[in-house]
Amino acid sequence: MSVIIDFITTHILAIYIAFTAIFLTIVVALSSVLGPRRVGRAMGASMNLPCESGMLQTGTARLRLPVQYYLLAMFFVIFDVEGVFLYAWADVAVQAGWAAYITVVTFVVFLFVALAYLWRCGALDWGPKQRRPHPVAPVQAPDLSLVPSAPREV
């Protein structure tokens with residue numbers, strides 16, 4: 001019994017790979033044996049399309065998204081990575097000392113400066129942009145007292 005347990009503990013990855021390969025082989029074999037067979041006209045026009053599901057296409061796959069989606073993804077990645085840095089620092093905060101604390105505070109200040117800049121330049125505005133009406137200068141009536149008038153005939 002000890003030999004079997006020793007073999008399992010030393011070759012656990014190989015056993016896992018073997019069981020996974022056997023399971024996948026069984027699943028593929030069962031799906032090919034038990035799955036529906038369609039040939040000729042029964043296959044339908046949708047089976048000749050390059051879609052994986054066999055469904056008819058509705059529109060194009062090239063969907064145009066606004067730039068805000070990509071900006072939001074970039075901001076998420078940037079601020080998420082900084083969160084990972086802060087989490088790693090928090091794990092060793094006591095051992096790192098005051099020098100690391102000052103460094104992290106400087107790092108967080110830079111984060112807030114970057115966030116304030118993004119907010120100020122409008123990168124975080126998602127709603128429709130409101131147009132400011134152009135200021136219209138008040139129209140003044142012309143001063144007619146300076147215009148010479150022609151004599152009237154009565």
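All of the numbers you see were taken from the coordinates with simple rules; none came from a lab. Nothing here was measured: the structure is a model prediction, and the numbers come from that model. Reconstructed Cβ throughout: ideal geometry from the backbone, glycine too, with neighbour counts over all protein chains shown.
For this structure, a couple of remarks:
- Taking N as its residue count, the alpha carbon Rg of the stretch 67-121 over 2.2 N^0.38 Å: 1.34
- Exposure proxy order (Cβ contacts within 10 Å, fewest to most) of L13, L86: L13, L86
- Rounded to 0.05, the FRET efficiency of the F19 and V84 pair, given R0 = 30 Å and the Cβ-Cβ distance, is 0.30.
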